[in-house]
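Notes follow the structure.
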Amino acid sequence: MELGDILIVGGGLVGQNLAERLSRDGYNVTLIERDPDKARDLSDTLDARIVQGDGTTTPVLREADIENVGLLVAATERDECNLVTGFLASHVFGTPHVVVRVRDPLHEDGFQKACLDQPVEGVCVNPDTASVDRIAALLEVPGAVDVMKFFGDGMLVAGFRIPTVSDFAGLRVSDMTLLFATTPTLAVAIQRGRLWIVPGGTEVIEAGDLVYFAIARDELHDVLSLVGAPPERQGRIMVDGASPIGLALAKRLEASDERVVMIEEDSVIAERAASELSHVLVIRGKGTDQALLEEEEIDKVSTFVALTDDHESNLVAGLLAKRLGAGRSIVLVDNPAMVSMVGDMGMDAIISPRLLTIGQMIQHIRGGGVRSGAALLGDKVEIVEVEAVEGCRLVSGPLMEIKLPQGVLVVALQRGDELVVPRGPDSVIVGDRVLIAVESHKSLELEKYTLA
Amino acid sequence: MKITDILVEDAIILDVESDTKSGVLEEMAAALAASVPGLETDRLLKVLSERESLQSTGIGEGVAIPHGKMAGLDSLVASFARSRAGIDFEAIDQQPTHLFFLLVVPEHSAGQHLKALARISRFLRDPEFRGCLMEADDLTSILTAIQQEDGKF
């Protein structure tokens, strides 16, 4: 199946960024934007066809040529609009693949159920759930700047800044197979200065590199010890902001018996949060309030997570918490300029719901029907999980013979419950789940291997 | 962890006699077992062969690092051997292998074996160090080369 042309509804940050990536990849992209001024701006900046109008109406969708697209993405800020567009695409126009952005989990359920009896694939992408998942994964891996899960929970991809004392500093990438012979644990992407690579075997890891490792669950402890990250600090987790993401995170942490303290500025929201949580102490105040942080013994906090709707405050609070002795700071920021800046500011990890949403949409575009979101590393490298389907080139022979392009790395296979290390003479078989690292500009080329 | 600390000097073989992969492993296993109490050649060989069958430890550039875990061993031990002629060790670059570091670790070494493996493989990526090992005329020169490399990190 060829994916064909793509229609995006909503020219906000998500729609815009997604359109940018996809048209750069070589797809024909059309974008519908309701606001005339914004639509005009977009047609100046984007390499995509812009249709100005209401994407919840059939004439506008027709004008955008919905009958001939392979994929529709409804990505406005509003659940209801996205759902209407999604229903029209899946139930009226029979669009083969429909991806809908929704924040309310109850909306998710309805749309997915409604698509079950249709000959189309309809999925929801939820920025809040994706954010909570990502924070929870980060909390599992001390020292990591970014953590993604694949194959359900079987493989992690985690990024670490390599300290000088690390056993990885000076190690050749191919030597990781010497260390981890029985599991697909290896370096899948390296950022060195402005450069991002999917490393070949002869690449040498250097101190100061940001290295993303694919890690089989059982090897996590060993990889952490080789990275040389400081040991995890025991202590409370402090969540700043009872936003939907903050509250969902607190609930999840509470369920796994973590000690959590929450800060919320608004008294009504704080009270409501307190009533929904049973073991979490909710304090009224601001994460940017030094006296409050000190009073709450911030220097004994293992991780400080800033999740308020004011992203600049999150950044300030995160820096402050770090300076006052918190073990680790994770902050929510979404503005593209801020996202790219934060890494240089000494923040341990950032959460960008926008990027996570785009990651999930991209995953859907690459792999179709796969559970986890694609990991987007600095705009340059994608880690995607695909299912090997009948008739695709990936299953046509041993890996050493199918000649994957440079910049594409088959990282791991999941066959049934078994984790398989893909070596040259091995073949991918139909039904395997395949974890792939790909330099973004090669992703369209990758599609030739993964689609039938 | 220094390689010098785990290297068993008596087990070092300046020039192996064998010209096959299994032969070199046998020579090295026998030499190490002779110097380390509690280590048996046959059991060690079996462990090493099992590891090789998974994937050759010939990491290219003329280097192999055969290794394995042994129950009953107290601490990490390593030895070194050399073949000037080169041996087909099924290395990943399909080139002959000249330098062999054998690493044997206790069954429950809690990650120490990975650190040792990482250290040895990092050392051997240095062409100068490999050159020193290739050209060394006697045991002392080999030990000096390893000590120097140990001092760098």
Here P(r) for the protein assembly as shown, Cα-Cα distances in 10 Å bins, as whole percents, is 3, 15, 22, 22, 18, 11, 6, 2, 0
Would you mind listing how long the stretch A:360-450 runs along its three principal axes, going by Cα atoms, in whole Å with the largest first? 32, 27, 22
Projected-area mean, the stretch B:3-152, by convex hull of Cα positions, square nanometres: 7.9
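If exposed GluC sites (Glu not before Pro) are those in a DSSP loop with at most 16 other Cβ within 10 Å, what is the longest stretch of chain B that has none? Let's see the in-between values first.
On the way: sites that count: B:17, B:40, B:90, B:107.
Formally, the longest exposed-site-free interval is B:41-89.
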Whole percent per 5 Å bin, from 0 to the bin with the longest distance: what is P(r) over all C-alpha pairs of the stretch A:154-256? 2, 12, 19, 19, 15, 11, 10, 8, 3, 0
Past the 22 angstrom mark, what percentage of all C-alpha to C-alpha distances in the stretch B:1-73 do you count? 20
Whole-angstrom Cα spans of the stretch A:5-125 along principal axes, big to small: 40, 27, 27
Per-residue mean of other chain beta-carbon atoms within 10 angstrom of the beta-carbon, peptide A:402-408? 0
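Here, each number is a calculation from the coordinates, and none is a lab measurement. No experiment lies behind these values; they were computed from the predicted model shown. With ideal geometry, Cβ positions are generated from the backbone for all residues, glycine too; neighbour counts draw on all protein chains shown.
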